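Just below is one structure, and these are the notes that go with it.
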Amino acid sequence: MSPLNRIALGLGLAFLYGPILVLVAYSFNASRLVTVWGGFSTRWYGVLLADDALIASALVSLKVASASAAVATVLGTLAALALDRHGRFAGRAAFTGLVLAPMVMPEVVTGLSLLLLFVGIGLERGLASIVIAHATFAAGFVAVVVGARLKGLDRALEEAAADLGAPSWRVFSTITLPLIAPSLAAGFLLAFTLSLDDLVIASFVSGPGATTLPMRLYSQVRLGVNPEINAASTLLVAGVTALVLAASWLTGRGDRTA
Amino acid sequence: MRSDPTPAGRLGRALVRGLPALWLVLFFLVPFAVVLKISLSTPATAQPPYRPLLDWGAGWEGWRAFVEALDLQNYAMLAGDALYRDAALTSLAYAGAATAILALVGTPMAWAMARATPRMQGLLVALVIVPFWTSFLIRVYAWIAILKPEGLLNMALLRLGLIGEPLAILDTPAGVLIGLTYAYLPFLVLPLYAVMARLDPALPEAAADLGASRARAFLTVTLPLSLPGLTAGMLLCFIPMVGEFIIPDLLGGSDTLMLGRVLWSEFFSNRDWPLASAVAVLMLVLIVGPVVLFRGVRERQDAAAR
């Protein structure tokens, strides 16, 4: 790498990580003022743990994230299988667009349109409506992760099983599924973090009693910077980072065993 | 799974495709039809807050009465009121400017990643992906403490003696642009890197052997070859930025009008669901243009490659 390249990378990474590191550092600040360092303290984490409303919203978020990630994993995996294995079927281009479009759609549009649908069909708004919404927009991400793995798979293994007389469902459950399992886990974790992070879509489709963690944080963030949010954010960032590392470790390990 | 001619095999294949297709038609496509329908409705102080409602029991007559009650008044309002026109133009301007900044900031970064050793590349990709998955809300919120008048950036600049009094960055267009650039950088870098990493290093070397300077070799050989990755990345940033809500809300002043924010306040503050729907339709129309343009360019590139 040339010195110029090093500088570009260094600046870019500093730009990406600087704000997060500032946030983490100030979550350990004893002072209530965000810009004045008052010494190291974990007092804001204590405040956080005593905040029942915040804990309750974190539990709501975890429930929604687990359920929506499970649904998104099933949908995304099926979509990836169809795109990788079904060749040129009728409506393939439309199917591809349908799977990938929710990934780039502005969240306000996804949120509003789903809410209007739920109102129109009379579905009560709450946990279930957020789960459906999150599963819909996360499925495309799962399809991309699983699709990449399917593409790298050695077809000879499946063909050998089929030649030995295994029916297609058996080939899938004993050969394909175990081989793509790491990418399913990675897809699940990514769908989980997407759900855990989402503010906009959840705000539209949620109902009374279903306040997620980002919704709760947002209502406090609007009032300005406060050290308790910094502490909550630090925990969330740590959790998400752990999940992403786990996901990339799973995909990496899958690549090596293939 | 090769094609399995048995009825069970066909059923299996139909399920693999059909289940996600059905889900996405139901929860992604149908909702757009609902938005379109409600954008033609009239707001009402009722539950739900719009009229007309389709009376399924009245059969054909009910359907006709329903269709006749729909009109374009919300679109007339969007076209006639300067506020919405400004919001649309501002959204496009912010998204366009931020996409241009991202291309300038992200290209050297992606190129540097592509030039790293294979081991380093894996690590660098992970380093770019982690912030991409880290809570969007929190990453934007983190900038408030940095950009505000008594924030870290101003403190540092004051202490260095570079400025005499704090700069106003938070609640200004500059704050929004910084936020957009920051939040979407991975969206630009990753697809661009993916293309650049596959480029044959012999090509810019050949240009250099023939006497081109490094800058010239990059601009005339590397960059044109990386264009598919750059356009994909720019599109991935531009589309969601047009509808961005969190960044203008937290880092822009109360006068920062972007469509995402207008939609949000029409929906949550004014409870005007039909107008919010019309804003959503307008947003989609604004987004479809660049997508179609991009596909045209892409097809021409593919044709040229063949």
- Task: Go through the range A:77-89 and count every residue that is farther than 10 Å from B:R17 by Cβ and surrounded by fewer than 15 Cβ atoms within 10 Å (Cβ to Cβ).
- Result: 2
- Message: Looking at A:V36, A:V24, can you tell me which residue is within 23 Å of B:T181 (Cα to Cα), within 11 Å of chain B (Cβ to nearest Cβ) and among the β-branched types (V, I, T)?
- Response: A:V24
- Task: Kindly check whether there is at least one residue in the range A:131-146 that is part of a loop (DSSP other than H, G, I, E, B) and buried (at least 17 other Cβ atoms within 10 Å of the Cβ).
- Result: no
- Message: Suppose we filter the range B:85-110 for residues that are touching a residue at least 40 places away in the same chain (Cβ under 8 Å) and under 18 Å from B:T181 (Cα atoms); how many remain?
- Response: 17
- Task: Identify the residue in the range A:116-130 that is within 7 Å of chain B (Cβ to nearest Cβ) and among the hydrophobic types (A, V, I, L, M, F, W, C) and, among all such residues, is surrounded by the most Cβ atoms within 10 Å (Cβ to Cβ).
- Result: A:L116
- Message: If I filter the range B:14-28 for residues that are modelled with pLDDT under 85 and either out of contact with any strand residue (DSSP E or B) (no Cβ under 7 Å at 6 or more places or on another chain) or farther than 23 Å from A:H134 by Cβ (or both), do I get at least one hit?
- Response: yes
- Task: Answer yes if at least one residue in the range A:140-158 is within 7 Å of another protein chain (Cβ to nearest Cβ) and at pLDDT 90 or above, and no otherwise.
- Result: no
- Item | Tabulated pairs, the range A:63-75, first closer than 13 Å to A:S129 by Cβ, second polar (S, T, N, Q) and surrounded by 19 or more Cβ atoms within 10 Å (Cβ to Cβ), C-beta under 7 angstrom, 6+ apart or interchain | A:V64/A:S195; A:V64/A:T212; A:S68/A:S195
- Only listed residue being within 25 Å of A:L9 (Cα to Cα), modelled with pLDDT of 90 or more, in contact with a Phe, Trp or Tyr (Cβ under 8 Å, 6 or more places away or on another chain) and among the small types (G, A, S), chosen from B:A103, B:A98, B:A145, B:A112: B:A98
- When the range A:90-115 is checked residue by residue, the ones that are over 23 Å from A:F188 (Cβ atoms), of a type outside the set (G, A, S) and surrounded by 18 or more Cβ atoms within 10 Å (Cβ to Cβ) are A:P106, A:V108, A:V109, A:L112, A:L115
- Note: among B:V105, B:V35, just one is farther than 27 Å from A:L112 by Cα, among the β-branched types (V, I, T) and either touching a Pro at 6+ places or on another chain (Cβ under 8 Å) or surrounded by 15 or more Cβ atoms within 10 Å (Cβ to Cβ) (or both), namely B:V105
- Message: Tally up the residues in the range B:246-291 that are within 9 Å of chain A (Cβ to nearest Cβ), touching a residue at least 40 places away in the same chain (Cβ under 8 Å) and over 17 Å from the mean Cα position of the chain (by Cα), please.
- Response: 3
- Item | Of residues in the range B:205-254 being touching an Asp or Glu at 6+ places or on another chain (Cβ under 8 Å) and not in a helix (DSSP H, G or I), the one nearest to B:V288 (Cα to Cα) | B:G243
- Message: I'd like to know if the range B:74-84 contains one or more residues that are within 34 Å of the chain's Cα centre (by Cα), surrounded by 14 or more Cβ atoms within 10 Å (Cβ to Cβ), of a type in the set (S, T, N, Q) and not in a helix (DSSP H, G or I).
- Response: no
- Query: Which residue pairs have Cβ atoms closer than 7 Å, lie 6 or more positions apart in sequence or on different chains, and pair a first residue in the range A:208-233 that is closer than 23 Å to A:L127 by Cβ with a second residue that is in a loop (DSSP other than H, G, I, E, B) and of a type in the set (A, V, I, L, M)?
  - Reply: A:P214/A:L199; A:M215/A:L199; A:Y218/A:L199
- Message: Based on this model, can you work out whether B:P131 counts as buried (at least 18 other Cβ atoms within 10 Å of the Cβ) and either within 21 Å of the chain's Cα centre (by Cα) or within 11 Å of chain A (Cβ to nearest Cβ) (or both)?
- Response: yes
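The values are calculated or read from the model by the stated rules, or taken from the named source; none is laboratory data. Keep in mind that what you see is a predicted model, and the values were worked out from it rather than measured. Virtual Cβ from ideal backbone geometry, glycine too; neighbours counted across all protein chains shown.
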